[in-house]
Number of protein chains: 2
Amino acid sequence: MSPDTPAPTADAFLDRLVALVGPAAVLTTPEAMAPHLTEPRGLFQGRARAVVKPASTEEAAAVVAACHAAGVPMVPQGGNTGLVGGNVPFEHGREVVLSTARLNRVRDLDPVNLTATVEAGVVLADLQRAAADADCLFPVSLAAEGSCQVGGIIAANAGGTGVLRYGNTRDQVLGLEVVLPDGRVWHGLRRLGKDNAGYALRHLFVGSEGTLGLVTAATLRLYPKPVATATALCGLDDLDKVTALLRHARAWSGDAVTAFEFMPRFGIEITCRHMPGCADPLEAAWPWYVLIELSSARPGAGAEGGVRDDLEALLGAALEADLIQDAVLAESLDQQAALWRLRESMSEAQGFEGGSIKHDVSLPVSRIPAFIARANAAVTAALPGLRPCPFGHVGDGNVHYNLTQPAGMDKAAYLARWDEMNRIVHDIVTEMDGSIAAEHGVGRIKVAELERLKAPVELEMMRTVKRALDPDGLFNPGKVVV
Amino acid sequence: MSPDTPAPTADAFLDRLVALVGPAAVLTTPEAMAPHLTEPRGLFQGRARAVVKPASTEEAAAVVAACHAAGVPMVPQGGNTGLVGGNVPFEHGREVVLSTARLNRVRDLDPVNLTATVEAGVVLADLQRAAADADCLFPVSLAAEGSCQVGGIIAANAGGTGVLRYGNTRDQVLGLEVVLPDGRVWHGLRRLGKDNAGYALRHLFVGSEGTLGLVTAATLRLYPKPVATATALCGLDDLDKVTALLRHARAWSGDAVTAFEFMPRFGIEITCRHMPGCADPLEAAWPWYVLIELSSARPGAGAEGGVRDDLEALLGAALEADLIQDAVLAESLDQQAALWRLRESMSEAQGFEGGSIKHDVSLPVSRIPAFIARANAAVTAALPGLRPCPFGHVGDGNVHYNLTQPAGMDKAAYLARWDEMNRIVHDIVTEMDGSIAAEHGVGRIKVAELERLKAPVELEMMRTVKRALDPDGLFNPGKVVV
């Protein structure tokens, strides 16, 4: 036996994996596996037979084929930043985690075709940078972009702050390379604006949260890079004006609105109270706030007559039409960052006020004011003193409907009512034609709610798709649909 | 028997259909069925057991259930304007045509949510008008819009001239209502910008050409209505400049380019020669032409400093950078229409020059110049004197690669070489990572070529999906994939 050959273990299956990808790429000790077994919110602590890190599509295919042959279930994992438990194994310990961390090459970047072909393990921020270096924009942007991976945002169909103008991750995916559950490779890396040669198979995998196969690479859309951005914070005296302001802003700007985020007074208050460097830039207090951002790729958009002037005119017209009561327009990059800090710190600020019960829901945009009024009434009736903090991507109909505990209540006693609050909110969402999983997915934590609320025909269609593509049920079993 | 009850026929199955939808909605005579059995190019003359026109989703579901119970294959049909034979029954006559013509209600139009929910039989132009009446835009626009139906453009994932800015039909579909092959109804009419509650089932049906079920209604995206449009025709001395001009125009206009269509000198010549009202507006002749259109929804975009000035500045910079050699900017709606007439008459003009062998292909945009050079060389080597007329939506990578016969050749002898030419062109397209079915679909005429050129893994995935959703193979059998 050569010194490079690892000593055989008692486990022939693990030996097989080591033979395929080398010993350094098969993690089996508790210390090495630990970061792959927990998730950001600390809701789950899983176990696994091994964490495997293939370095190429061929290695990934060989590993999947070996797991398939042995009947071992697999959990695809990217940057492990998902918030619904879809990215970690269960507690039983029989699963293998397939980490895409080493599939991290940018294979191609074509600024004329406006596409990038990258492997699943490329970190989102690295893709953004590679695009920017070629004078292009990759528009998916979200809090975890410094560590989440391309494969993960595809599996989750990630949203974020650029959806209003550019769409979700799904809308950026032109082609995929996927290792199918039996180890065959689908080479579907199209980079075409139009392709009607058969079914749109890529859309099965986008948003499937690793339940149908392992995405190893993708061809994604790029856009001309914006050269200028203008940002403003508006105060509104009436929630109903939020949707009218959105319509006004989209039309007035020639649909150049790249962000439209709303926040309640309570959110501004606790953010300014707890988060360093956050301050309310408006003189008076208003019940509702909207952060608007315009962007343009047009040369000269940063100069006079550009997006800043557009935004100023848009706000002036909105004031005149009584759609907003006050507004502040950022006059520097620092001021822009300060306005965004208010919005981006809002989730963390809630932690300082005690327990927070969270919902990631979406509604038709036109129903958001009615939804918030109705849900606020229902949850405060169930628990007087509860402090709702609904905020988020209202331009996409996406509300992070978070509920801060009553002041002074015991935190554990409050969090014990999580399921009860979820049911109240999800029932209203469902009645109002919304979705209980807007941008964070179903994963593990919403499987039962989905089963409770989705029509039986649709659940059966999902199961049909799952059985067809993964007949042995080996890819991320127990997630999304059971 | 009451006078309203039709006399029973010898065919219990047809009696059952009549009982479900009434006698006026079950066509069985050759005269009544005739328009539903041929297609626009006259390539196929099918037969059918009946043409059925349900007036509601419930009726449609009952008809499908009856066909399913009797094992009768079904062919969904909208406006019957498709160009690949997917919308007509085969010659054997055992199929039932499911016409959506009477499912023609606009159920809902929400200008705040920017969505319309319409039934499958609504004519595209009627949807465009309904959207415009609400100060919105439905952006799918194509030659057949006066007669094609919403269900048809969804089944075909239709392209057209607005794709560069707004995407294909697929990108407009937020939700669907579908009668599944066994008669169950999937109520999937979401109208949400974000929804990750399970698999994206709607994308299975979009572009499936009626092979997986009958779409009865859809919720579609709307956009703020453009208030101004500017159009120009440019002359270029080099095909390589087309893609550089596209990149220039997208960046310079802040991505406001809504059309970018290219044409060869030969196409301009025959269009001006044969089509009434068509004239070349440029002084000199150029080997290549590009029609550019900018649109904006911004109030004031029609005035000074608006899209016309943007386009003028864009063209000035393009002239200076030697991306174009000459340009004419339309100064009136009449002049805009005249420039579009050149592009839109190009297909018809080819008919006056004899036989035309057609290809609807797409390539990565950056490869279009190389593709045209290579394909032109290959087809003229195979048949000297052949006159290529490649034109189309180059902004989407979509080339209508049409080949006009050599002058003086016998037309029938030329058209007899259709398959040979297809093979030459499709082989090059495939080698260059393109698609042989860009916006017209596979239907009946490209099934064999798809089987020849697509990877076996992908064909098998398509068959898996087909078998899973239509296990009895009753929906449009023999189309797309066999």
Self-check item: Filter result (farther than 16 Å from A:Ser147 by Cα, in a loop (DSSP other than H, G, I, E, B) and open to solvent by 10 Å² or more (accessible area, probe 1.4 Å)) within segment A:89-113
Solution: A:Phe90, A:Glu91, A:His92, A:Gly93, A:Arg94, A:Pro111, A:Val112, A:Asn113
Quiz item: Got a sec? Which of A:Pro477, A:Pro456, A:Pro471 is more than 7 Å from chain B (Cβ to nearest Cβ) and under 22 Å from the mean Cα position of the chain (by Cα)?
Solution: A:Pro477
Exercise. Answer yes or no as to whether B:Ala120 is within 30 Å of A:Ala249 (Cα to Cα) and modelled with pLDDT of 95 or more.
Key: no
Quiz item: B:Thr404: over 19 Å from the mean Cα position of the chain (by Cα), among the polar types (S, T, N, Q) and within 14 Å of another protein chain (Cβ to nearest Cβ), yes or no?
Solution: no
Exercise. Confirm whether B:Glu460 is within 17 Å of A:Asp195 (Cβ to Cβ) and of a type in the set (Asp, Glu).
Key: no
Quiz item: Among the residues of segment B:353-410, which ones are among the charged types (D, E, K, R), free of Cβ contacts under 8 Å to residues at least 60 places away in the same chain and closer than 29 Å to B:Leu164 by Cα?
Solution: B:Lys358, B:Arg374
Practice problem: Would you be able to say whether some residue in segment B:261-283 is at the interface with chain A (Cβ under 7 Å from one of its Cβ atoms) and in contact with a Lys or Arg (Cβ under 9 Å, 6 or more places away or on another chain)? | Solution: no
Practice problem: Output the residues belonging to segment A:217-241 that are assigned to a strand (DSSP E or B) and under 19 Å from the mean Cα position of the chain (by Cα). | Solution: A:Ala217, A:Ala218, A:Thr219, A:Leu220, A:Arg221
Quiz item: Of these, A:Gln77, A:Gln45, which one is open to solvent by 40 Å² or more (accessible area, probe 1.4 Å) and in contact with a Ser or Thr (Cβ under 7 Å, 6 or more places away or on another chain)?
Solution: A:Gln45
Self-check item: Members of segment B:214-241 found to be of a type in the set (Val, Ile, Thr) and surrounded by 24 or more Cβ atoms within 10 Å (Cβ to Cβ), listed by number
Solution: B:Val215, B:Thr216, B:Thr219, B:Thr231
Practice problem: State which residue is surrounded by the fewest Cβ atoms within 10 Å (Cβ to Cβ) when the search covers only segment B:260-281 and only residues that are aliphatic (A, V, I, L, M) and assigned to a helix (DSSP H, G or I). | Solution: B:Ile270
Quiz item: Out of segment B:446-467, which residues are open to solvent by 30 Å² or more (accessible area, probe 1.4 Å) and touching a Lys or Arg at 6+ places or on another chain (Cβ under 9 Å)?
Solution: B:Arg452, B:Val457, B:Glu460
Quiz prompt | Qualifying positions in segment B:282-317 - in a loop (DSSP other than H, G, I, E, B), over 19 Å from A:Ala317 (Cα atoms) and among the small types (Gly, Ala, Ser) | solution = B:Ala284, B:Ala285
Quiz item: Can you tell me which residues in segment A:22-51 are farther than 15 Å from A:Gly93 by Cβ and in a strand (DSSP E or B)?
Solution: A:Val26
Quiz item: Applying the selection to segment A:367-390, what residues are open to solvent by less than 40 Å² (accessible area, probe 1.4 Å) and closer than 23 Å to B:Asp110 by Cα?
Solution: A:Ile368, A:Pro369, A:Phe371, A:Ile372, A:Ala375
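To keep it simple, each residue is scored yes or no on (1) within 26 Å of A:Val206 (Cβ to Cβ); (2) within 14 Å of chain B (Cβ to nearest Cβ); (3) assigned to a loop (DSSP other than H, G, I, E, B).
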| residue | (1), (2), (3) |
| --- | --- |
| A:Gly385 | no, no, yes |
| A:Gly408 | no, no, yes |
| A:Ala412 | no, no, no |
| A:Met421 | no, no, no |
| A:Asp427 | no, no, no |
| A:Ala437 | yes, yes, yes |
| A:Leu450 | yes, yes, no |
Quiz item: What helices (runs of 4 or more DSSP H) completely inside segment B:133-213 contain at least 3 residues that are aromatic (Phe, Trp, Tyr) and surrounded by fewer than 24 Cβ atoms within 10 Å (Cβ to Cβ)?
Solution: none
Quiz prompt | Answer residue from segment B:114-130, given it is surrounded by fewer than 18 Cβ atoms within 10 Å (Cβ to Cβ) and over 18 Å from the mean Cα position of the chain (by Cα) and is farthest from B:Arg191 (Cα to Cα) among those | solution = B:Arg129
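The values are calculated or read from the model by the stated rules, or taken from the named source; none is laboratory data. Treat the numbers as computed from the prediction; the structure is a model and nothing was measured. Because the Cβ atoms are built from the backbone with ideal geometry, glycine has one as well, and the counts that use them run over all protein chains shown. Protein only, heavy atoms only, side chains kept; ligands, DNA and RNA dropped before computing areas. Shrake-Rupley method; radii C 1.70, N 1.55, O 1.52, S 1.80 Å.
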